[in-house]
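Notes follow the structure.
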Amino acid sequence: MRAIKVHGTQKKIQQLVELSKQALRDGAYHVATRLHAVALNMEGKTAPQIANALKVHRSKVSLWLRSWQQEGVDGLYETHRSGRARGLSEHQCQKLKDILASGPVAYGFNSGVWTCPMVARVIDEEFSLSYHPAHVSRILLDLDFSVQRPRKVLARADKSSQSRWVRCQYPALKKSQN
């Protein structure tokens with residue numbers, strides 16, 4: 001592959017440096033790095049030298065320089081990155097919302113409160129999509145549901161015995177730890 005050399009005047013280099021500084025002030029760190037790379041190339045630096053100076057891979061520098069040649073400054077700006085495709089469609093989200101609104105008992109669970117593992121199981125059964133329970137909390141928030149975590153309470157516990165223990169024995173335990 002041929003080395004890419006971008007030509008520019010000293011005035012153009014100064015403009016790029018100023019744009020890079022402005023991008024840094026605005027928080028666009030990637031754009032600032034790309035502009036800096038183009039300015040360094042105009043000053044005579046090669047892609048491996050620029051990559052070493054900016055602590056990036058040299059193939060990235062070549063891509064940035066090629067984008068500069070083809071599109072100018074616009075080629076260095078951030079573009080939309082698609083990321084992973086959304087698993088649930090709008091129709092499936094609406095169906096899930098209806099299931100959640102009807103409650104976990106109506107779906108066949110014993111608990112009266114939805115938990116993330118329960119919702120993950122519903123999504124798996126209804127739509128054949130597997131989600132980690134931690135990610136389900138994001139889906140619930142997107143559907144305008146709050147994430148709930150049930151408290152564990154002993155079913156056969158004697159409330160009066162617990163109260164007596166907290167009032168009488170627990171303070172003695174706390175004092176003996178000092």
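The values are calculated or read from the model by the stated rules, or taken from the named source; none is laboratory data. Bear in mind the structure is a predicted one, so any value in this text is a computation, not a measurement. For neighbour counting, all protein chains shown are included, and Cβ atoms are generated from backbone atoms with ideal geometry for every residue, glycine included. Just so you know, the surface numbers come from the protein's heavy atoms only, side chains and all, with ligands and any DNA or RNA stripped out. Shrake-Rupley method; radii C 1.70, N 1.55, O 1.52, S 1.80 Å.
The long axis of helix 58-71 is offset from the longest Cα principal axis of the chain by roughly 70 degrees. Projecting the Cα positions of 146, 91, 52 onto the charge dipole of the chain (unit charges on Cβ atoms of Lys, Arg, Asp and Glu, taken about the Cα centre) puts 52 furthest along the positive direction. Rounded to two decimals, the Cα-based Rg/Rh of the range 93-178, with Kirkwood Rh, is 1.24. As a rough guide to protection, the peptides 117-123, 142-148 ranked by mean Cβ packing within 10 Å, highest first, stand as 117-123, 142-148. Evaluated over the range 1-90, the count of Lys pairs having alpha-carbon atoms less than 19 Å apart is 9 (only pairs 8 or more residues apart or interchain).
Taking the 0 to 90 degree range and rounding to the nearest ten, how far is the long axis of helix 90-102 tilted relative to the main principal axis of the chain, both from C-alpha atoms? Its long axis makes an angle of about 20 degrees. Using the average count of surrounding beta-carbon atoms within 10 Å as a protection proxy, the listed peptides 97-103, 46-52 rank, highest first, as 46-52, 97-103. Ranked from largest to smallest solvent-accessible area, with a 1.4 Å probe on the protein heavy atoms, 173, 129 come out as 173, 129. Largest first, the residues 45, 12, 159 sort by 1.4 Å accessible area into 159, 45, 12. Starting from the Cα gyration tensor of the range 1-108, take the square roots of the eigenvalues, sort them a ≥ b ≥ c, and report rounded, prolate or oblate (rounded when a/c is under 1.5, otherwise prolate if a/b is larger than b/c, else oblate). Prolate, because a/c is 1.5 or more and a/b exceeds b/c.
Dipole check for the chain: with +1 at the C-beta of Lys and Arg, -1 at the C-beta of Asp and Glu, and the Cα centre as origin, the magnitude is about 960 Debye. Normalised by the number of residues in the range 1-136, the mean separation of alpha-carbon contacts (under 8 Å, six or more apart) gives a relative contact order of 16 percent.
Pairing the Cα long axis of helix 116-127 with the longest principal axis of the chain, what angle in degrees results, from 0 to 90 and rounded to the nearest 10? The helix 116-127 is inclined about 70 degrees to the chain. Accessible area per residue (1.4 Å probe, heavy atoms of protein chains only) ranks 16, 40 as 40, 16, with the largest value leading.
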